[in-house]
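Here's the structure we're looking at; comments come further down.
Each reported figure results from applying straightforward, stated rules to the coordinates on display, with no laboratory input. It should be emphasised that the depicted structure is a prediction, and the values quoted were computed from it without experimental measurement. No Cβ is skipped: glycine too gets one built from the backbone with ideal geometry, and neighbour counts run over all protein chains shown.
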Amino acid sequence: MQQNTLPDDLLLSRPQVELNFGISRRFLEIAAVRGNGPSYHKIGSSVRYRVADLREWIEAQRVNSTSDVRA
């Protein structure tokens, strides 16, 4: 599936996020601990990412140059 055809409310596992958005599972694991990654849902022992949350998080990472500083 292409990421732009995924429904906003679809919940994806980390391997599915990696496949559809190119964000590695390892990055997602580390970002979840640090609190600087996309929002996720904890359902039992499973972690799921809502497509709309991934798109919003990706858009928030946009910078125009290496000198851009995030607050």
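Applying 1/(1 + (r/R0)^6) with R0 = 22 Å to the Cβ-Cβ distance of L10 and I58, what FRET efficiency is obtained, to the nearest 0.05?
Details: r = 15 Å, r/R0 = 0.69.
The computed FRET efficiency comes out at 0.90.
Taking 7 Å along the Cα-to-C-beta vector as the label spot, tell me the R48-R26 distance in nanometres, rounded to one decimal.
The two pseudo-label positions are separated by 2.8 nm.
Could you give the semi-axes, largest first, of the ellipsoid that matches the range 7-71, computed as the square roots of 5 times the alpha carbon gyration tensor eigenvalues and rounded to whole Å? Don't skip to the answer; put the middle values down first.
Values: eigenvalues 96, 35, 23 Å².
That gives 22, 13, 11 Å for the three semi-axes.
Roughly how tilted is helix 51-60, in degrees to the nearest 10 and between 0 and 90, from the longest Cα axis of the chain?
In the chain, helix 51-60 runs at an angle near 10 degrees to the longest axis.
Scan the chain and report its longest stretch carrying no trypsin sites (Lys or Arg not before Pro) that are both in a DSSP loop and have at most 16 other Cβ atoms within 10 Å.
On the way: sites that count: R62, R70.
Of all site-free stretches, the longest is 1-61.
Can you give the net charge of the other residues whose Cβ lies under 10 Å from the Cβ of A32, counting K and R as +1 and D and E as -1? Kindly include the intermediate steps, with their values, before the conclusion.
Numbers: positive: R14, R34, K42; negative: E29.
For residues surrounding A32, the net value is +2.
If you take the beta carbon distance between H41 and D68 as r and set R0 to 35 Å, what does 1/(1 + (r/R0)^6) give as a FRET efficiency, to the nearest 0.05?
Details: r = 30 Å, r/R0 = 0.85.
For H41 and D68, the calculated efficiency is 0.70.
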